[in-house]
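Just so it is clear, none of the values below were taken in a lab; they were calculated from the coordinates. Nothing here was measured: the structure is a model prediction, and the numbers come from that model. Neighbour counts are summed over all protein chains in view; Cβ atoms, including those assigned to glycine, are modelled from backbone coordinates with ideal geometry.
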Amino acid sequence: MIPPNFEYHRPATVDEAVGLLTSLGSEAKILAGGHSLLPMMKLRFAMPEHLVDINRIPELSGVSVVGDDIVIGAMTTENAVIADPILNEKVPLLPEAAKLIADPQVRNRGTIGGDIAHGDPANDHPALALACDAVMTVVGPEGARQIPASEFFLGTYWTALNDDDILTAITVKAFPNGAGFSYRKLKRKTGDWATAACAVVVALSGGSVSHIRITLTNLGPTAIRAHDAEAVLSGQTVTDELIKQAAEKAMAICDPAEDLRGDVEYKTAMAGQMVQRAIAEALSRAN
Amino acid sequence: MNAPVKTPEERQAELQGMGDSRLRKEDARFIQGKGQYCDDIKLPGMLHMDIVRSPIAHGRIKNIKKDDALAIPGVHAVLTADDLKPLNLHWMPTLAGDVAAVLADEKVHFQMQEVAIVIADDRYIAADAVEAVEVEYEELPVVMDPYAALEADAPVLREDLAGKNEGAHGPREHHNHIFTWEAGDKAAADDVFASAPVTVSQHMLYPRVHPCPLETCGCVASFDPIKGELTTWMTSQAPHVVRTVVSMLSGVPESKVRIISPDIGGGFGNKVGVYPGYVCAIVSSIVLGKPVKWSEDRIENISSTAFARDYHMDGHLAATEDGKILGLKVDVVADHGAFDACADPTKFPAGLFHICSGSYDISAAHCSVKGVYTNKAPGGVAYRCSFRVTEAVYLIERMVDVLAQKLDIDKAEIRRKNLIRKDQFPYTSPFGFEYDSGDYHTALEKVLDAVDYKALRAEQQEKRNDPDSPTLMGIGLVTFTEVVGAGPTKMCDILGVGMFDSCEIRIHPTGSAIARMGTITQGQGHQTTYAQIIASELGIPSEVIQVEEGDTSTAPYGLGTYGSRSTPVAGAAIAMAARKIHAKAKKIAAHLLEVSESDLDWEIDRFKVRGNEDQFKTMADIAFAAYQQPPEGLEPGLEAVHYYDPPNFTYPFGIYFCVVDIDKGTGESSIRRFYALDDCGTRINPMIIDGQIHGGLTEGFAVAMGQQMPFDEQGNLLGNTLMDYFLPTAVETPAWETDYTVTPSPHHPIGAKGVAESPHVGSIPTFTSAVVDAFAHLGVTHIDMPHTSYRIWKKLKEEGVQL
């Protein structure tokens, strides 16, 4: 449980960090909260020669409102997300779901950006980002660029980030007025990743669905947006039967990996359960 | 001016003696982070040891290349079995009469087995050196299933035992067979089964689990080459036994071996045995002449140190049509892993499993346990239970439920009908145990009333009638008897040393005291509760009584703490030692008061002259006099030692009740209610008892609902971190309700029976009873643990009731 030797770097600015990543090449890894990377290093599954610690770059943390945008610094910790008044008012899905991530100690260190940039389909923020139509701000040697969440997650541990890119911020819009939301996560115990989880954001207009997002965690190589399931509900007055149909559409696109949490059949069935429950809860909160 | 005279009630309260919920004396240091654990020990010049382990479960070692590791600056040594051979330390005896490899000798027998050690300046260098040791293996066929291990053409696992047809417990019938042990009367049981109107049978697996204490194992060995003395701080539940073993293995006289168990972060049976890591650290310290520290990590602890359970059991009950149990037969195949390293009293290779007739009056019974080698880690320890009692209680409680279902008799009613009656105590079981005391029926009715059993059954029926109910509801009931306090030396020994325990008490001139014990606390709160026994016996406030354990150079010899033996055995030694002091104090009091002993009465903290209330001497007065002016013919001083050999085990019991709601969509189970009534005889500290019960129930919950060590067919342990191995947090843990009755042990000096393990032993079958009950209306009689959501969902699907 002890990693091999590595060099530790602690840049003070994003530019300095990008410079380090550029000069050190693929042997360098960014250290954010460290709660995925450090365990892998202790097990010697990951053996980076350089760690670039971005914890002391102040502009990477915190939540601010810029025009219509809500900008969440990539190094904002899960506990900061949970406590943030702006997010609780405008994007309440994020603080509520963050409470289901790991445990309080991990949430003191773990960051929203680290959770997203790791590209692990078991992490919760990728599906949440899809549900919130988030846009990632990425800074590389050529400067900053914007990548929508829908184009960010490319595969397991594989994102649109290059080796010398840093994810600096996640930008979301406030939920539509009266939107309901839910994140249902089945897990074996505190601290575990999801066996299956589903995020739902729904808004109603005159009793029928005017906005809907249904996204899934740990049910495929990346977080998944269930477009077909959304289509079942979109524009409809939702009934129990439609919720079931939506769940079936969501289950149809699941491609989970078998592990100690369960086999493919179980995880797919649990996806159906989580989708149904998340839709029902989100609807009960919408007005 | 005289201080105001205190009332007897005030004096009694000041003692904080037996029955007082005084706060734990240990907690002040623990909650401030001031505990002193093995890994906190740092000695000048200390080196660090780390272990090279086998990645495969069965294989022949072709070559071990040390050069690259030795070339790393700061590496002092790399040792393998070949290096230990000249010292004859490459194998070591186990507590069960087998031998275990210290470092793998020619073959590896389980994944993560110890193959080589490295010694380095610090643990970081040591970890790098471990990676640099190259071991070449020839893989051999792996045997993970104990039934497959006994097939005629099964691979030979223990080549070192070739030709050894006589084991420590009788003949070996097969190359992977360790022993077959039987108890009870087979002919009598067969007769009953042949003529019984009803018989039921059930196969069940008690899966392999790991005690997983928060603190992993480790030691700091320090050999002083000039004095020839070996001091070792060690995570041990039995430091004196370790001292004896270390002396035997190392050749260092026992008088020059000092084992110190410092603060221990939980044991639960995992820290009873002697592990290769300890032996290697000690050898390294002797060879290098420097202190050597070894600290396990979590993966090493779960993968390689002692497991518990792994019993494949077939139970059979014979009964009348109206549910009176007539006979019990049990056949067990016990997977002991690569070496038989069970920690049991020598004569009992299956521990006290023959308590499996439980709380029931059964006239004929027989059990047979077959121990088998497989390619898994050795162990078979009592995980928060007396030796194999958890398995026994699980078996009988499951079987009684199975019988009740077959006969369509309520599970409470069938227990009422078969429980041993109060007037039958002392009761001799068909396996020869003499149950000391019990009042099972009173306790059962108390619990059923408290939970309103009838109303719960009515609610359950409604749910069963409603196909749209989102949940299944199950009710679990268990009426268990433990057997603890090992044990009478005529029956129980470890490595030939009788399982007595000991206490030495010294009263200081100013009336405070120190007590030293052969046991060692690992969270039980001995420093708190032991003092309370002395306080009540001698009238000295608990607050001024120091309790010391764990240092073999100062404590009297004892067999340690496991199997709920501390209070039944050492607690009795305390009372007996105190009574020796009490007797001497009385002589001194009589001398001081110038009366005869027969004129004195004892009251709380003093001897009084009968009929003359004003004439008295407190224990503090007497203590001073013992050092200043003892009566003629009496030695000065006021101290005593007692080695207590219990005349019998003690038999705590309990009635546990559980209501579970199962989500038909996800298979998740929610423990709505868990009601635990325990009878541990005399209660020393009710708060600590409650804490012990909460802890035991929580560990029982863990075992029943999630703790299983899953292996693949190649022998890889799939869940060896706390991400997969289930340690419940406060979020998962149900809210516990506790209750009690008091039926003192008639043979114990203070009537106490022991309690820490009852909640573990009793709760596990209660959870299973509840989960199975949720499916009982579908004809399901048994479901193996662990009751994870995934497994329960599969059952829901199998029965066609999933949402």
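How many Cβ atoms of partner chains, on average, are near each residue of A:182-188 if near means within 10 Å of its Cβ?
Average per residue, whole number: 3.
What number do you get for segment A:7-52 when its Cα radius of gyration is normalised by 2.2 N^0.38 Å, N = residues?
Segment A:7-52 yields a ratio of 1.13.
Can you check what the net charge comes to around B:Phe711, using other residues whose Cβ is under 13 Å from the Cβ of B:Phe711 (Lys, Arg +1; Asp, Glu -1)?
Once positives and negatives cancel, what remains is -4.
So if I restrict to the alpha-carbon atoms in segment A:1-157, what is the Rg, and what is Dmax, the biggest pairwise distance, in Å?
Final numbers for Rg and Dmax: 15.5, 47 Å.
When Lys and Arg each count +1 and Asp and Glu each count -1, what net charge do the other residues less than 12 Å away from B:Ser769, Cβ to Cβ, add up to?
Counting the neighbours of B:Ser769, the net charge comes to 0.
Take each complete run of DSSP H in chain B, measure how far its Cα atoms stretch along the helix's own axis, and keep only those covering 15 Å or more with mean Kyte-Doolittle hydropathy at least -0.5; list them.
B:239-250, B:276-288, B:389-407, B:440-451, B:526-538, B:572-593, B:686-705, B:758-775
List the pairs from A:Lys185/B:Lys664; A:Lys90/A:Lys189; A:Lys244/B:Lys664; B:Lys65/B:Lys107; B:Lys25/B:Lys256 whose alpha-carbon separation is above 21 Å, in the order I gave them.
Pairs exceeding the cut-off: A:Lys90/A:Lys189; B:Lys25/B:Lys256.
Write down Rg/Rh for chain A, rounded to two decimals, with Rg from the C-alpha atoms and Rh from the Kirkwood relation over Cα pairs.
0.98
How much length is gained on full extension from A:Ser210 to A:Thr237, taking 0.36 nm per residue of separation minus their Cα-Cα distance?
Extending this stretch completely gives an extra 8.7 nm.
Under 5 Å between amide hydrogens, which residues at least 5 positions from B:Arg208 or on another chain qualify, with H placed 1.01 Å from N in the peptide plane?
Here B:Asp310, B:Met709 satisfy the definition.
For helix A:240-252, what angle does its Cα long axis make with the longest principal axis of chain A, in degrees from 0 to 90 and rounded to 10?
Tilt of helix A:240-252: around 40 degrees.
For the protein assembly as shown, what is one quarter of the convex hull surface built on the Cα atoms, given in nm²?
Answer in nm², one decimal: 50.8.
For q values of 0.16, 0.20 Å⁻¹, compute log₁₀ I(q)/I(0) with the Debye formula on a Cα-only model of segment B:415-491, without solvent.
Log10 I(q)/I(0), no solvent term: -0.75, -0.95.
Please give the average number of partner chain Cβ atoms lying within 10 Å of the Cβ of each residue in B:666-677, rounded to a whole number.
Partner Cβ neighbours, averaged per residue: 2.
For segment B:590-717, what ratio Rg/Rh do Cα atoms give with a Kirkwood hydrodynamic radius?
Rounded to two decimals, Rg over Rh is 1.30.
On alpha carbon coordinates alone, what is the Rg over Rh value for segment B:545-610, Rh being the Kirkwood radius?
1.14
What is the mean number of Cβ atoms from other protein chains located within 10 Å of the Cβ atom of each residue in peptide B:725-733, rounded to a whole number?
2
What trypsin sites (Lys or Arg not before Pro) does segment B:527-636 have in DSSP loop regions with at most 12 other beta carbons within 10 Å?
Here the sparse-neighbourhood loop sites are B:Arg610.
Please grab the % of Cα pairs in chain B that end up more than 34 Å from each other.
Tail of the P(r) past 34 Å holds 53 percent of the pairs.
Lysines within cross-link reach of B:Lys42: Cα-Cα under 18 Å, excluding same-chain residues under 8 positions apart?
List returned: B:Lys34, B:Lys290, B:Lys293.
If I take R0 = 60 Å and measure r between the Cβ atoms of B:Glu139 and B:Glu635 in this structure, what FRET efficiency does the formula 1/(1 + (r/R0)^6) give, to the nearest 0.05?
FRET efficiency, B:Glu139 to B:Glu635: 0.30.
Cross-link partners among lysines for B:Lys446, C-alpha distance below 24 Å, same-chain residues fewer than 8 apart left out?
Straight-line reach from B:Lys446, under 24 Å: B:Lys324, B:Lys411, B:Lys417, B:Lys422, B:Lys454, B:Lys753.
Taking the alpha-carbon set of segment A:87-176, what are its Rg and Dmax in Å?
Considering segment A:87-176 through its Cα atoms, Rg and Dmax are 13.0, 37 Å.
What nm value, rounded to one decimal, do you get for the distance between A:Tyr157 and A:Phe45 when each label is placed 7 Å out toward the C-beta?
Roughly 0.7 nm, to one decimal.
Find the eigenvalues of the gyration tensor of the Cα atoms of segment A:182-285, then list the square roots of 5 times those eigenvalues as equivalent ellipsoid semi-axes, largest first, in whole angstrom.
24, 13, 10
Tell me the Rg and the Dmax, in Å, that the Cα atoms of segment B:381-421 produce.
Cα-based Rg and Dmax for segment B:381-421 come out at 12.6, 37 Å.
State, to one decimal in nm, how far the label point of B:Lys256 lies from the label point of B:Tyr627, with both points 7 Å from Cα in the Cβ direction.
Each label point is offset 7 Å from its Cα along the Cβ direction, giving 3.5 nm.
When Lys and Arg each count +1 and Asp and Glu each count -1, what net charge do the other residues less than 11 Å away from A:Ala169, Cβ to Cβ, add up to?
Overall, the nearby charge balance is -2.
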